[in-house]
1. Kindly indicate which of 213, 218, 135 is touching a residue at least 24 places away in the same chain (Cβ under 8 Å), surrounded by fewer than 18 Cβ atoms within 10 Å (Cβ to Cβ) and closer than 20 Å to residue 4 by Cβ.
2. Is at least one residue of region 48-55 buried (at least 20 other Cβ atoms within 10 Å of the Cβ) and either modelled with pLDDT under 90 or closer than 20 Å to residue 369 by Cα (or both)?
3. Considering only residues that are open to solvent by 20 Å² or more (accessible area, probe 1.4 Å), closer than 23 Å to residue 143 by Cα and not polar (S, T, N, Q), which ones fall in region 11-41?
4. Would it be correct to say that residue 232 is surrounded by fewer than 16 Cβ atoms within 10 Å (Cβ to Cβ) and touching a helix residue (DSSP H, G or I) at 6+ places or on another chain (Cβ under 6 Å)?
5. Find all pairs meeting these conditions: Cβ atoms under 7 angstrom apart; at least six residues apart or on different chains; first residue within region 346-371 and of a type in the set (Gly, Ala, Ser); second residue surrounded by fewer than 20 Cβ atoms within 10 Å (Cβ to Cβ).
6. Regarding region 277-285, can at least one residue be identified that is hydroxyl-bearing (Ser, Thr, Tyr), surrounded by fewer than 16 Cβ atoms within 10 Å (Cβ to Cβ) and either farther than 27 Å from residue 14 by Cβ or touching a His at 6+ places or on another chain (Cβ under 7 Å) (or both)?
7. List the residue pairs whose Cβ atoms are under 6 Å apart, where the first residue sits in region 229-246 and is in contact (Cβ under 8 Å) with a residue 24 or more places away in the chain, the second is in a helix (DSSP H, G or I), and the two are 6 or more positions apart or on different chains.
8. Anything in region 181-190 that is in contact with a Lys or Arg (Cβ under 8 Å, 6 or more places away or on another chain) and either without any contact (Cβ under 8 Å) to a residue 24 or more places away in the chain or surrounded by fewer than 21 Cβ atoms within 10 Å (Cβ to Cβ) (or both)? List them, or say none.
Amino acid sequence: MKKILFFYPENPLLKQQGNNARAFCLLEYFKAQNYQVDFVSLEQPDKENFTNTHLDTLKRKHLITNGWLLKRSKRSGIKYLLFSIKQKISNLFNNKVSDFDRIRFGQGEELALITKGKTYDIIIISYAYYHGFLKYLNTTPSKTIVDTHDFLTSQFQSHKQFNLGNYFSHEIQLLNDFDTVWAISSEEHYLYSQFLGDKVKLAPHVLEDNSSKINQVKSIDLIYVASDNSHNVKAAQWFFNNVYPLLNKDITITVIGKISQVIPDFKNVNKQSYVEDLSSLYQASRVSICPMLTGTGLKIKVVEALSYALPVVCNERGLDGLLNKTNNGCMVTNSETEFAAFIDQLLTDKKMYDKQSELAAEFFKQSFSKQSVYSKLNASLK
């Protein structure tokens, strides 16, 4: 039985957020392969209240064997002063990008204590932000993997001190220190492999094929699932300021996730900040929307909708990470008038709806089904 140490910085049980859904599905994959997983995350008392109770839930689901939450030590005293000085000197003389380091005071030492005396076949670290944990590992794995999730350099291009060459070269250097680099999207696989070669492996998101679970009676016309990151906030404002006024007000819209907190109240819009299981809502929905103007990486909420054979209306950015950009169940436009027209067509033209639903189901089976993705993950873990 392979033994894995898996670091992911957030709560994978909060699956309405795409990156958490990704981590949860990886835990399900490890379980299916009968791997033993020790899980490490960050204590977040002020964000989502990720606690040991959640770790216990993951254990009860048999997704992990052991779990730890790394704490941030009190930022005072001589030890913290020396830690800060060492960090600044290292960033200065090694031309490091401080934005790419999210390890906080005391967390590295705590990881060293956790791994002391333990043996792991594979260590997986989510995000290059936490590359620094490699030096704190008190064990020697046969393989280290970074699950990139996203192209980090692109996330900082609006910063005043942004320098493309410095950021990109540093990101590649961080990734190169791992034995294997998992890229969630085809675009990022292509980009990273130009510099890192065969160590880059395509590791798409994986979900159950839910196309057979669709209800015949639909109570929700449009479903919109998103977190409240800056890209989603910008997209939601665009949709409700420019597209929503063009839609028939008899259309029922359900908004799920933290994005609901930044959307004004509308009579025909049902907002829910948190839903433990989205399955029943997807089954009751006719069309999924993914307004997305900026950002990189695979849009996991698009994949989730396709798994239920739901047609998706999205902007061009909504296609990021999909192997096929056409004939995939997505109707794509950056025009607010055309976006509204696509929604209207799908809700009124059964022939068009059925065609897009069939395309969604077929594309999902080819690209994101368990059979397709598990074979890729298995190959990368050898």
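1. Testing whether each residue is touching a residue at least 24 places away in the same chain (Cβ under 8 Å), surrounded by fewer than 18 Cβ atoms within 10 Å (Cβ to Cβ) and closer than 20 Å to residue 4 by Cβ leaves just 135.
2. yes
3. 28, 31, 32, 35
4. It is false that residue 232 is surrounded by fewer than 16 Cβ atoms within 10 Å (Cβ to Cβ) and touching a helix residue (DSSP H, G or I) at 6+ places or on another chain (Cβ under 6 Å).
5. 361/211; 367/323; 369/209
6. No, every residue in region 277-285 fails to be hydroxyl-bearing (Ser, Thr, Tyr), surrounded by fewer than 16 Cβ atoms within 10 Å (Cβ to Cβ) and either farther than 27 Å from residue 14 by Cβ or touching a His at 6+ places or on another chain (Cβ under 7 Å) (or both).
7. Note: pairs meeting the criteria are 232/259; 233/262; 236/259; 242/336; 243/336; 243/339; 243/340; 246/340.
8. 189, the sole residue that qualifies.
The values are calculated or read from the model by the stated rules, or taken from the named source; none is laboratory data. Every value quoted in this text rests on a predicted model; they were computed, and no experiment measured them. Cβ: placed from backbone, ideal geometry, glycine included. Neighbour counts: every protein chain shown. The area values use the complete protein model at the heavy-atom level, side chains included, leaving out ligands, DNA and RNA. Shrake-Rupley method; radii C 1.70, N 1.55, O 1.52, S 1.80 Å.
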